[in-house]
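First up is the structure itself, then whatever we jot down about it.
The values are calculated or read from the model by the stated rules, or taken from the named source; none is laboratory data. All values derive from a computational prediction rather than experimental measurement. No Cβ is skipped: glycine too gets one built from the backbone with ideal geometry, and neighbour counts run over all protein chains shown. These area figures cover heavy atoms from the full protein model, side chains too; ligands, DNA and RNA do not enter into them. Shrake-Rupley method; radii C 1.70, N 1.55, O 1.52, S 1.80 Å.
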Amino acid sequence: MLHRKNFWLAIVLLTVGFAAASAKAQPVTTTNYASAQQIESAFRGHSFILGDDSHVADVRAVDWSADRSVKLPFWFGTGQLVPPDFRPKKGDYYVISESWIVRKLAGQELLIRAGNKLQKPDAVLVTTKTRYKGPGMILPTIVQYSGTRTFTREDGTKVDIAVLDEVSLPAQWTKGGRIPPKYSRFTVNVGKNLQWKF
């Protein structure tokens, strides 16, 4: 009888312990990202200001007040190391940050390395308004994932590389002073008198 009491006491304690742990657990929250309509109307062909959040891109239009912004995911790439929740979907919008120009491709296309701090897989950036003058980092830019393209390496193997279409102009530099030399110089093909101080 004593063993049976200990057994039931242990079950009660475990149940209370799990209930207490569940009560303290953080609720699962999902981020509400900006809609395609919001992105197209506010950022297509326009510069923006990127907030300081390193997990979710907090973006606002240059003419918005400081308390108004929308959220977008950062671009992590398409590889196997990308967690399933962060794998890109064709047509979705992302912010590329800390990306590097590897080389110019045909026309308005650049081969870039874009991703997170752990991995920066190759991607093709198709520019429409921004003309980069050489290698270097790219200021944060809103892009739209349009799928992959197959490339043949020098050794004959084939590789699928993500294609990102430029949506916004590069972000405004908000860290004070001039834009550091590690960033690629560029010009923009728009009617507005926008200036980035290099």
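Structure summary
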{"item": "When each of Lys104/Lys133; Lys71/Lys182; Lys133/Lys197; Lys104/Lys182; Lys120/Lys182 is checked by Cα-Cα distance, pairs over 19 Å", "result": "Lys71/Lys182"}
{"item": "Nitroxide proxy distance, nm - points 7 Å out along Cα→Cβ at Lys182 and Ala36", "result": "3.6 nm"}
{"item": "Anisotropy class of region 46-101 from Cα gyration tensor, a/c 1.5 cut", "result": "prolate"}
{"item": "Accessible surface, per residue, of region 59-190 when the full set of protein chains is kept, probe 1.4 Å, Å²", "result": "54 Å²"}
{"item": "Evaluated over region 69-175, the Cα radius of gyration and Dmax, each in Å", "result": "13.4, 46"}
{"item": "Cut-off 19 Å, label 7 Å out along Cα→Cβ of Asp160, residues of region 112-135 by amide N", "result": "112, 114-115, 120-126"}
